[in-house]
Amino acid sequence: GIWSASTGLPFNITDGVDVSNQINATATARPNYAPNNPAVTVNGVSYPACNNNPIVGNATLWFNPNCFSQQAFGTLGNFGREGLIGPGLQDVDMALLKTTKIRENMTLQFRAEIFNIFNHTNLSLPYATVFTGSASPTAILTYNTATAGQIPTAAVPSREIQFGLKLIF
C-alpha cells in the first residue's frame, strides 16, 4: 500500500475588486488584515469574531472573511501573499496481486487496486474572493457572502476500485 499525507497548500486572499486602482489588479489585490473584528451578520450570513485566527476549518467556512477589511482606495492591502493555508490531504492506496503459474512459460495475474481505500474526504482550496462591489474612492464593499471562505469540491475523488487480469507468456 501507499500512504501519502501533506499539509495544506498556501493560497491568496483577494479583494475581488480593484480597490488599489491598479490596472488588472482585480485578481491579485489583497485586503487589509483586521485581527480584532467583532462578530457580524451580512445578508443573513453570520461571521464569528476574528480573534486573530482567520482559519475556521470546515467546508462551509474554511476561513473567516470577517478577519479582513477594505483598504483605502488607491492603496494596497496589508495582508501578505499566500497568507493562509488550505486543508491538508491524506490518501491510502492499496493493491492485491495473485499470480498463478499455468505452464512453465505462462502465468496468469489477477490484480485488485483500491484508491482512497478509507474513503477519506480531502477538500480543495476555498474560494478566496472576500468582497463584492465596484471600485471607486467612495465605494463601500460588502462581503462576498455567496462564496467567500467556502470549499466547493473535494480534491481527491472518493474510493475507486479496479480489477485487472493479465496473461504473461
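The values are calculated or read from the model by the stated rules, or taken from the named source; none is laboratory data. As the structure is a prediction and not an experimental result, all values here were calculated from the model. Cβ atoms come from the backbone with ideal geometry, glycine included; neighbour counts cover every protein chain shown. Note: areas computed on protein heavy atoms with side chains; ligands, DNA, RNA excluded. Shrake-Rupley method; radii C 1.70, N 1.55, O 1.52, S 1.80 Å.
Tabulated data
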| read-out | value |
| --- | --- |
| Count of segment 93-134 residues which are in contact with a Phe, Trp or Tyr (Cβ under 6 Å, 6 or more places away or on another chain), surrounded by fewer than 17 Cβ atoms within 10 Å (Cβ to Cβ) and within 30 Å of LEU9 (Cα to Cα) | 1 |
| Out of ASN37, ASN66, sole residue that is part of a loop (DSSP other than H, G, I, E, B) and more than 30 Å from GLU160 (Cα to Cα) | ASN37 |
| PHE73 being open to solvent by less than 40 Å² (accessible area, probe 1.4 Å) and modelled with pLDDT under 90 | no |
| Residue among ILE117, ILE151 that is assigned to a loop (DSSP other than H, G, I, E, B) and either farther than 30 Å from TYR33 by Cα or at pLDDT 95 or above (or both) | ILE117 |
| When residues of segment 51-63 are limited to those that are touching a strand residue (DSSP E or B) at 6+ places or on another chain (Cβ under 9 Å) and in a loop (DSSP other than H, G, I, E, B), the one farthest from PRO31 (Cα to Cα) | ALA59 |
| Residues satisfying the stated conditions in segment 22-34, i.e. open to solvent by 40 Å² or more (accessible area, probe 1.4 Å), in a loop (DSSP other than H, G, I, E, B) and of a type outside the set (S, T, N, Q) | ILE23, ALA27, ARG30 |
| Hey, ASN78 open to solvent by 60 Å² or more (accessible area, probe 1.4 Å) and not aromatic (Phe, Trp, Tyr) or not | yes |
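Per-residue answers, yes or no, for (1) open to solvent by less than 80 Å² (accessible area, probe 1.4 Å); (2) in contact (Cβ under 8 Å) with a residue 24 or more places away in the chain:
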| site | (1), (2) |
| --- | --- |
| LEU9 | no, yes |
| THR14 | yes, yes |
| VAL17 | yes, yes |
| SER20 | yes, yes |
| THR41 | no, no |
| CYS50 | yes, no |
| ILE55 | yes, yes |
| LEU61 | yes, yes |
